[in-house]
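Below you'll find the structure, written out as structure tokens, and then a few comments.
No lab work stands behind these numbers, since they all come straight from the coordinates. The model shown is predicted, which means the values in this text are computed figures rather than measured ones. Here Cβ is always computed from backbone atoms with ideal geometry, including for glycine, and neighbour counts include all displayed protein chains.
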Amino acid sequence: MSEPVRAEIVAIGTEMLLGDLIDTNSAFIANQLKAIGVNIYFKTIVGDNLDRISFAINQSHERSQIVVTSGGLGPTVDDMTRQGVARVMGVDLEFRQALYDYIDSYFNRRGFKMTENNRQQAFVPAGAVIIENPRGTAPCFYCEDEKGIIIVAPGVPHEMRYIIEQRAVPIIQEKFDLGEVIRTRVLKTCGLGESRVDQMIGDLFRESVNPSIGVLAHPGQVDVRITARAESVEKAEEMIDVLDAKVRDLLGFAVYAVGEVTLEEEVARQLDKKKKLLAVVETNTGGAIAQRLSSRPERANFLRRGIVAVDPSELVRIFDLPPDTNLGSEKFAEDLALRVRKEMGVDLALIVSGPNPPPDIEPENSRSAPAMGPTYFKLSTSDQIFSHKGSFGGNEQFIQSRVPMVAIDLIRKALN
């Protein structure tokens, strides 16, 4: 295979550098470049400082054939990307009347008058090629020399997505002999921790170069990412298919979907498809299980009732139970699952009964907090009880991110 074309992304904006805003633009840009076979070697975030902007862009331009920047193209004094690129290219900024007229007409069409500071948006590095931006006033352009190309995109996400997808990608494909494509497939798993997944597929991970395997953990689930580089999409997909089969053979039922599919999305789809009715009773999640399932449009077809009893003693009143009922026992959770399924006329009744997290755990100490008493998961179906028992530590956010994953996965297991 030929030497892959290298690219770097430079995201510009102090708000991202300080953590006030999350840089989602770079993820989109990286995915678009990956799809056409461009390797991303570095990503840089730099604040609104001309010296540092020009340094970051120049460093990327020295290392990679393609540099894509986002942000810093507005009309205010802290928008300095155009100046930074001009400095890297060793040229001055020049005024483009056509750009000025476009910006002016953009405001006029919307019933606004352009202010004087918008005039600076009509300046670009001398020799730059303008990229039309019908989504806004940010002046997009690219500059080119013997080292490669610098493509300058806006920071506003909907403008950036259009420029990258509809304008920048075709420019790159025209100017570079990419030759190869990069394809990625994500296998979504749940019920196994990151270390367990790594242990089960560790040999594949070490042996696989192209396609390669990566593991990414999320609360309650783990993604297995398979990436292949080949001369065509079809060949890359064939290579991924081989490794996909090996991963599934090792992980088995833990793989619940492919792509960006959430567990609740998959379970909601199955409940709807199989025409199953569900009732949920939860005590220590703040209603997170019902909330996740009811976020799906299919909810009206399967979710019959959701009861959130932050104070478990409320269940005594709701279900007219004896006052001396042991609300914290496993037997109580199982008996209630059977009763709820029968009384509510549903196919599946899920009971999640456990202690609420203490209110005084700071977020930074959540992971190291000691586990509380057991949480019992009981799912009653027409012919059996599905069970799980787990102890969870941490604050409320920690509990609400993990307990629902266990509960919804229990539904998935029952449906299959």
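List of remarks:
- 5 angstrom amide H check on residue 45, placed H, neighbours 5+ away: 11
- Between 262, 332, 404, the Cα set farthest toward the positive side of the dipole of the chain (charges on each charged residue's Cβ, about the Cα centre) is that of 332.
- Applying the criteria of a DSSP loop state and at most 16 other Cβ atoms within 10 Å to the chymotrypsin sites (Phe, Trp or Tyr not before Pro) of region 64-111 yields no site.
- Value of relative contact order over the chain, rounded to a whole percent, pairs C-alpha under 8 Å and six or more apart: 11
- Two-site label geometry, residue 246 and residue 318: point separation in nm, points 7 Å out along Cα→Cβ: 4.9
- Label point distance in nm, residue 326-residue 311, each placed 7 Å from Cα along Cα→Cβ: 2.4
- Average Cα contact separation per residue, region 18-103, under 8 Å, 6 or more apart, as relative contact order %: 22
- Entry note, the chain: the mean residue ellipticity at 222 nm calculated from DSSP H runs of n ≥ 4, each adding -39500 (n - 2.57), is -11500 deg cm²/dmol after division by the residues and rounding to the nearest 500.
- Zone residues, region 249-286, relative to residue 295, backbone N less than 19 Å from point 7 Å out along Cα-to-Cβ: 256-272, 280-286
- Theoretical FRET efficiency, 1/(1+(r/R0)^6), r = Cβ-Cβ of residue 130 and residue 273, R0 56 Å, to 0.05: 0.65
- Going by neighbour counts of Cβ atoms within 10 Å, the residues 5, 88 line up, fewest first, as 5, 88.
- Separation of alpha-carbon centers, region 194-257 and region 64-126, rounded to whole Å: 44
- Counting every alpha-carbon pair across region 6-175, the share separated by more than 18 Å comes to 57%.
- Extension gain for the segment residue 50 to residue 338, taken as residue separation times 0.36 nm less the Cα-Cα distance, is 97.0 nm to one decimal.
- If only the Cβ of Lys and Arg carry +1 and only the Cβ of Asp and Glu carry -1, the dipole of region 181-258 around its Cα centre is close to 180 debye.
- With N counted as the residues of the chain, its alpha-carbon radius of gyration over 2.2 N^0.38 Å works out to 1.25.
- Values of log10 I(q)/I(0), in the order q = 0.21, 0.22, 0.24, 0.26 Å⁻¹, for region 181-258 under a Debye, Cα-only, solvent-free model: -0.87, -0.94, -1.09, -1.23
- Exposed loop sites here are GluC sites (Glu not before Pro) assigned a DSSP state other than H, G, I, E or B and surrounded by at most 16 other beta carbons within 10 Å; excluding them, the longest clear run of the chain is 261-416.
- DSSP assigns beta bridges within region 263-415; of those with both partners inside it, close to 55 percent run antiparallel.
- Beta bridges by DSSP in region 6-175, antiparallel share as percent, to the nearest 5: 40
- For region 54-156, trypsin sites (Lys or Arg not before Pro) are listed when DSSP marks them as loop and at most 12 other Cβ atoms sit within 10 Å of their Cβ; the list is 110, 113.
- Since only 41, 168, 91 are under comparison, the one whose Cα sits farthest along the positive direction of the charge dipole of the chain, derived from C-beta charges on Lys, Arg, Asp and Glu, is 168.
- Net lengthening on full extension, residue 196/residue 91 (0.36 nm per residue, minus Cα-Cα): 32.3 nm
- Among the trypsin sites (Lys or Arg not before Pro) found in region 227-313, those both in a DSSP coil and sparsely packed, with 15 or fewer other Cβ atoms within 10 Å of their Cβ, are 274, 275.
- Of all DSSP beta bridges in the chain, antiparallel share, percent nearest 5: 60
- Taking every alpha-carbon pair in region 263-415 and binning the separations at 5 Å intervals from zero gives 2, 10, 20, 23, 20, 14, 8, 3, 1 percent.
- Computed extension gain for residue 36 through residue 117, at 0.36 nm per residue and net of the alpha carbon distance, reaches 25.4 nm.
- Taking amide H as placed 1.01 Å from N in the peptide plane, the amide H of residue 23 sits under 5 Å from none that are at least 5 places away or on another chain.
- For region 317-328, the Karplus equation 6.51 cos²θ - 1.76 cosθ + 1.60, evaluated at θ = phi - 60°, returns couplings of 6, 4, 9, 6, 8, x, x, 8, 4, 7, 5, x Hz by residue, with Gly and Pro reported as x.
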